[in-house]
Amino acid sequence: MTYARSLAYFALTVMAFMSLAGEGRADNVALEAEVRKRSAAVEEKLIAWRRDIHQHPELGDQETRTSRLVAEHLRGLGLEVRTGMARTGVVGILKGGKPGRTVALRADMDALPVKEPEGLPFASKETAQYHGKRVPVMHACGHDAHTAMLMATAEVLAGLKDDLPGMVMFIFQPAEEGSSLFAPATGKSWGAKLMLEEGLFEKVKPDAVFALHVMPGPLGEISYRSGPTTASSDTLEITVTGKQGHGGMPWDTVDPITTSALVISGLQTVVSRKARLTDSPLVVTVGTINGGTGPNIVPETVQMTGTIRTYDDKVREQAHRDIRLAAEKIAESAGARAIVPITKMYDTTVNNEALTAKMVPVLKRAADGRVTQAPLVGASEDFSFFAKQVPGLYVFLGVTPRDQDPAKAAPNHNPKFFVDEESLVLGTRTMASLAVNYLSAEPK
Ligand SMILES: [Zn+2]
Ligand SMILES: [Zn+2]
């Protein structure tokens, strides 16, 4: 090829890459190739970190060992590090060599009060205090993988520092699953919300935030949704108070047990008769009911607890009103009284539609085309609070071993939940690719 022709060919190739990327500049092509190489090179360390964290899981707000490991690693990479946010959270700032925007990447560090079965050479034998009780602890939601992948992402991106336009904020958050130190009804904040209350986004406000969650699914497949993705979650408590008396003479009592049965039925109609289910789903579940001491005694009170899930703030507020009204008025009609405190736990995680559309091509390249649409998820995510402050994108990574059927794999929070470590490099590559592509793109 002549010089002019090869130059033209080069320009065409770059343009093709640029249109493939859906971005305005060619920087991301070179950076993305580097990300791929460096993510593969960090694999051995990445797996070692993951196993170490897996073997030493810590409950929400007790992640002292994990956060020390993270902070030392980030300092070693030359990042600006802030520790002790929201008790045990760690935040690292990587300043690129060129001016640009700021992107935040988030991992959660906490484990669950679940007993890990024997088998893995790095299985957990840890126990810890959970709301005042000693319990076994296991990384049964894969946050060990998230922490290790974000440590690896920090290493990959720190190596590209000079060519990076803008800044990367690495958020290692505690207590995604809630605090192990206190119950939610105390009104205290934890995790992402507490980090924000402590000013996480005050000095440096990122322009976008990304996170990834491992779950059963074809190995290395990324799935995502645009818009609402995980549910809001609120805890419902109902105390029905009647008038205690003899079970043989119920007419002299006000029976909170039969009243509670009516209340539970009434709550079903909040979902089936009141909610516009074709607009947005609503779930109301009563999970516990306790009352009574003997077969021939009408008790004074019955206590129930449950959960409310929605994907829309208006549906959420309306559901709270309808649930309170149904419970209070049904109890009143029986001559009893219902008190219905509802504690807001997590918001709906909403993936920003414009950001999602821009980043889907990046996900496709990172996962070699294996990207699918995810269904609405009934679980909730602390990431929702970050994504409410700045445009966010939260995606899922399939981690089921190739010789197993993902549909039959144990779900997150199950003692048999299993992460195939082959997925970790891909997760790292995905997070790092999202960051470099976002920073390289022309701001709109
Ligand atoms: Zn979980
Ligand atoms: Zn989780």
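Annotations for the structure displayed:
- With 18 Å as the limit on Cα-Cα distance, the pairs of LYS115/LYS408; LYS274/LYS329; LYS344/LYS388; LYS133/LYS416; LYS205/LYS344; LYS98/LYS161 that go past it are LYS115/LYS408; LYS133/LYS416; LYS205/LYS344.
- Segments 134-145, 61-72 sorted - mean Cβ within 10 Å per residue, highest first: 134-145, 61-72
- For the stretch 41-126, the extents of the C-alpha atoms along the principal axes are 50, 33, 19 Å, listed from largest to smallest.
- Computed log₁₀ I(q)/I(0) - Debye formula, equal Cα scatterers, no solvent, the stretch 219-373, q 0.09, 0.12, 0.13 Å⁻¹: -0.43, -0.62, -0.68
- Summing charges over neighbours of ALA208, with a neighbour being any other residue whose Cβ is under 10 Å away from its Cβ, gives +1 when K and R count +1 and D and E count -1.
- Beta bridges per DSSP with both ends in the chain, % antiparallel, nearest 5: 65 percent
- TRP190 accessible area, 1.4 Å probe, all protein chains in place, Å² to nearest 10: 20 Å²
- Here the chain is assigned +1 on the Cβ of each Lys and Arg and -1 on the Cβ of each Asp and Glu. Its dipole about the Cα centre then comes out at about 660 debye.
- Largest GNM mean-square fluctuation among LEU112, LEU277, LEU434, using the chain with Cα springs under 10 Å: LEU277.
- Loop GluC sites (Glu not before Pro), the stretch 151-239, which have at most 11 other Cβ atoms in a 10 Å radius of their Cβ (DSSP): GLU202
- The chain - percent of accessible surface contributed by carbon and sulfur, probe 1.4 Å: 55 percent
- Amide N of the stretch 221-242 lying under 20 Å from the label point, which is placed 7 angstrom from the Cα of ALA261 along Cα→Cβ: 238-242
- Nearest-0.05 FRET efficiency for GLU332 and LYS388, computed from C-beta distance (R0 30 Å): 0.25
- Inter-centroid distance (Cα atoms) of the stretch 190-269 relative to the stretch 75-135, Å: 24 Å
- Here the stretch 199-258 is treated as an ellipsoid with the same Cα gyration tensor; its semi-axes, largest first and in whole Å, are 52, 21, 9.
- In sequence order, the stretch 380-391 has phi-based couplings of 10, 9, 5, 4, 3, 5, 5, 6, 7, 7, 9, x Hz under the Karplus curve 6.51 cos²θ - 1.76 cosθ + 1.60, θ = phi - 60°, and Gly or Pro positions carry x.
- Taking 0.36 nm per residue of separation and subtracting the Cα-Cα distance, full extension of the segment from THR343 to THR64 would add 97.7 nm.
- Relative contact order (%) - the chain, alpha-carbon pairs under 8 angstrom, separation at least six: 23 percent
- Per-selection Kirkwood Rh - the stretch 170-284 (Cα, Å, 1 d.p.): 19.6 Å
- Here the Gaussian network model covers the chain, with springs between Cα atoms less than 10 Å apart; of VAL315, VAL298, VAL390, VAL298 fluctuates the most.
- Per residue, the Cα convex hull of the chain amounts to 164 Å³.
- The fraction of Cα-Cα pairs per 10 angstrom bin, counted from 0 for the stretch 293-444, comes to 8, 25, 26, 19, 12, 7, 2, 0 percent, rounded to whole percents.
- Dividing the mean sequence gap of close Cα pairs (under 8 Å, 6+ apart) by how many residues the stretch 205-358 holds gives a relative contact order of 38 percent.
- Taken about its Cα centre, the stretch 69-198 carries a charge dipole of roughly 320 debye when the Cβ of each Lys and Arg holds +1 and the Cβ of each Asp and Glu holds -1.
- Added length on full extension, which subtracts the Cα-Cα distance from 0.36 nm per residue, GLN268 to THR305: 11.9 nm
- Evaluated at q = 0.14, 0.22 Å⁻¹: base-10 log I(q)/I(0), Debye formula over Cα of the stretch 223-303: -0.61, -1.02
- Rolling a 1.4 Å probe across the protein heavy atoms gives the chain an accessible surface of 45 Å² per residue.
The values are calculated or read from the model by the stated rules, or taken from the named source; none is laboratory data. Being a predicted model, the structure only gives us computed values, none of them experimental. We place every Cβ from the backbone using ideal geometry, glycine too, and count neighbours over all the protein chains shown. Note: areas computed on protein heavy atoms with side chains; ligands, DNA, RNA excluded. Shrake-Rupley method; radii C 1.70, N 1.55, O 1.52, S 1.80 Å.
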